[in-house]
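Written out below as structure tokens is the structure these notes cover.
Each value in this text was obtained by applying a stated rule to the coordinates, not by laboratory testing. Keep in mind it's a predicted model, so treat the numbers as computed, not measured. Cβ atoms come from the backbone with ideal geometry, glycine included; neighbour counts cover every protein chain shown.
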Amino acid sequence: MLSFVKIMDQINKVILIIIGLLTGVMAAVIIAQVFSRFVLSTSLSWSEELARYLSIYAVFLGAAVALRHQGLISVEVIHEFIPQALSKWLKIIVNLICIVFSVVLIFVGMEMIDKVQIQNSPAMQIPMSIPYASIPIGALLMALNAVVVVIELFKGGNRNG
């Protein structure tokens, strides 16, 4: 079990690097679009679409890492009014619900990919299955990270990273 936690932590480090690259490329594309529009008086037809798809991937990947670090938005007021032991079980239940939601999202995302695989994006003409693949990829990573959090809560640790 601990080896799974270590593997996921290594995967999350790679994901953080990927998120940084996605964000850097997205910023470069937006800067190129602004430069092209205001300096060259022409517009790049593909830039907004690429920036949108990069952003979608960054959000899904970032949500998975944030779940691992227990950094997603939540209502903490309940934890302050219940005993520590109940708070631990509440966190376990919440993460189990996240796992179920993520598994559902994986299947729904796969169905969506199947429905849009014959379509191409308007500007870049890439298969729409590429942007839609962010849904099951992100959901799978969220489920795996939620499993890691549950394992750590059962082991008695409650580290946030």
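Summary of computed values
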quantity	calculated
Fluctuation leader among Ile19, Ile11, Ile31 - the chain, Gaussian network, Cα springs under 10 angstrom	Ile31
Calculated FRET value between Gln125 and Val39, using beta carbons and R₀ = 22 Å, to 0.05	0.25
Between helix 2-38 and the chain: long-axis angle, C-alpha atoms, 0 to 90°, nearest 10	30
Amide H partners (placed H, <5 Å) of Met128, local residues excluded	Gln119, Asn120, Ser121
Using alpha-carbon coordinates, inclination of helix 47-68 to the longest axis of the chain, degrees	10
Helix axis angle, 134-155 relative to the chain longest principal axis, alpha carbon, degrees	20
Thr42, Thr23 arranged by Cβ crowding within 10 Å, fewest neighbours leading	Thr42, Thr23
Relative contact order (%) - criterion: Cα under 8 Å, at least six apart; region: segment 2-155	29
Cα gyration tensor category, rounded, prolate or oblate, for segment 1-51 with a/c compared to 1.5	prolate
Cα centre as origin, Lys/Arg/Asp/Glu Cβ charges: the chain dipole, Debye	320
Listed residues Glu49, Glu80, Glu111, most fluctuating in the chain (Gaussian network, C-alpha, under 10 Å)	Glu80
Which labelled figure in [x] 9.3; [y] 11.3; [z] 12.6 is mean projected area of the Cα convex hull in nm², once derived from the coordinates	[y]
Ratio Rg/Rh, restricted to segment 16-85 and using Cα atoms, in which Rh is the Kirkwood radius	1.28
Full-extension gain in nm, Lys6 to Asp114, via 0.36 nm per residue minus C-alpha separation	35.5 nm
Contour excess over end-to-end distance, with Cα ends at Ile93 and His79 and 0.36 nm allotted per residue	3.7 nm
Whichever lysines have a C-alpha closer than 29 Å to that of Lys13, once near sequence neighbours (fewer than 8 apart) are set aside	Lys88, Lys91, Lys155
Choice from Ile151, Ile17, Ile113 showing the highest fluctuation, given a GNM over the chain with Cα pairs closer than 10 Å	Ile17
